[in-house]
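These notes are about the structure you will find just below.
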């Protein structure tokens, strides 16, 4: 779920916080944001959480049913770039923002780049501006490892310069520039988070791991861009949420923090691995029956390798290993794929003529 969260102390005590989460156009009410909201509601009962989200075809509130009646939670449907968020700031005296809203599908960004600019750049600017107007105490902005570019074989650190290579990554880099400018110009306390590819339950099945899992569970093949040699580093969603929690309470304003893993795997090997796990197949000839290849992306980064020493110094460490995380994810999609209306359409190759 794409979230912009606003957390504020209640007037009665500085320990009682109000959190509001806001999503703009596309990043689903599902993965990172829904896990974050559930985690905060359950682990911090004195925080009041407002989940602000624009619901669309890739959204699902089903995972949030477990908290919908909790006294410290409220859902508000809305859109970042129409400034409705300002009403929420005023009504709830919001003073901490967790901004996770974004258009995030790289393939779509090649074909609809202006939509990505509207949501990721303008939407972020609206929210940052409103947060500054209401003098929030902290603004946490969720970015991506893709701002570094993906042609470097060496580990990138937080001070590495931007080299985005696709419209999605470029809009996220631009959004970061806006957020950090408010730190420098207005002293708005901001923290930027750059994470590797996040996977796990609640993720709309147009992303590679849930897509391959769901296809295989329907006895369909995995369609791969190009030759599948590109490598992605994956991190389970719970580890990212724990990192955000640490930064919320221990992070330093004006700083950028990487959250990532050393779990790097090519897309082709990912497909083979998931075929073995889901279909219980070991023979190479049988595995290959579930793999098809199509045209590569207009531009496809090689890999994103990010260093995490900075957040590790605050006490964060990776806890969910690859085997455990994938097993949890496979089980969840077997039971919950129908959480989204029309989810079957997400399993088609992109572009439609790919495979």
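Grab the strands (runs of 3 or more DSSP E) fully contained in the stretch 224-280, keeping just those with 1 or more residues being farther than 26 Å from residue 142 by Cα.
Passing ranges: none, list empty.
Which of the residues spanning the stretch 288-334 are part of a loop (DSSP other than H, G, I, E, B), touching a helix residue (DSSP H, G or I) at 6+ places or on another chain (Cβ under 7 Å) and over 17 Å from residue 269 (Cα atoms)?
Residues satisfying the conditions are 297, 298, 314, 315, 316, 318, 319, 320.
So which of 86, 104, 109 ends up being assigned to a helix (DSSP H, G or I) and under 10 Å from residue 168 (Cα atoms)?
109
Collect the residues in the stretch 56-66 that are part of a loop (DSSP other than H, G, I, E, B) and either in contact with a helix residue (DSSP H, G or I) (Cβ under 9 Å, 6 or more places away or on another chain) or within 17 Å of residue 38 (Cβ to Cβ) (or both), keeping them in residue-number order.
57, 58, 59, 60, 61 - these are the residues of the stretch 56-66 that are part of a loop (DSSP other than H, G, I, E, B) and either in contact with a helix residue (DSSP H, G or I) (Cβ under 9 Å, 6 or more places away or on another chain) or within 17 Å of residue 38 (Cβ to Cβ) (or both).
For the stretch 309-328, indicate whether the set of residues that are at pLDDT 95 or above, farther than 30 Å from residue 141 by Cβ and surrounded by fewer than 20 Cβ atoms within 10 Å (Cβ to Cβ) is non-empty.
Yes: the stretch 309-328 contains one or more residues that are at pLDDT 95 or above, farther than 30 Å from residue 141 by Cβ and surrounded by fewer than 20 Cβ atoms within 10 Å (Cβ to Cβ).
Considering only residues that are touching a strand residue (DSSP E or B) at 6+ places or on another chain (Cβ under 8 Å) and more than 16 Å from residue 104 (Cα to Cα), which ones fall in the stretch 147-158?
155, 156, 157, 158
Please enumerate the residues belonging to the stretch 137-156 that are part of a helix (DSSP H, G or I) and in contact (Cβ under 8 Å) with a residue 60 or more places away in the chain.
145, 146, 148
Looking only at the stretch 179-206, count every residue that is assigned to a loop (DSSP other than H, G, I, E, B) and in contact (Cβ under 8 Å) with a residue 12 or more places away in the chain and tell me the total.
Number of matching residues: 10.
Can you name every residue in the stretch 159-172 that is part of a helix (DSSP H, G or I) and surrounded by fewer than 22 Cβ atoms within 10 Å (Cβ to Cβ)?
Result: 170, single match.
The values are calculated or read from the model by the stated rules, or taken from the named source; none is laboratory data. These figures come from a predicted structure and were not determined experimentally. We place every Cβ from the backbone using ideal geometry, glycine too, and count neighbours over all the protein chains shown.
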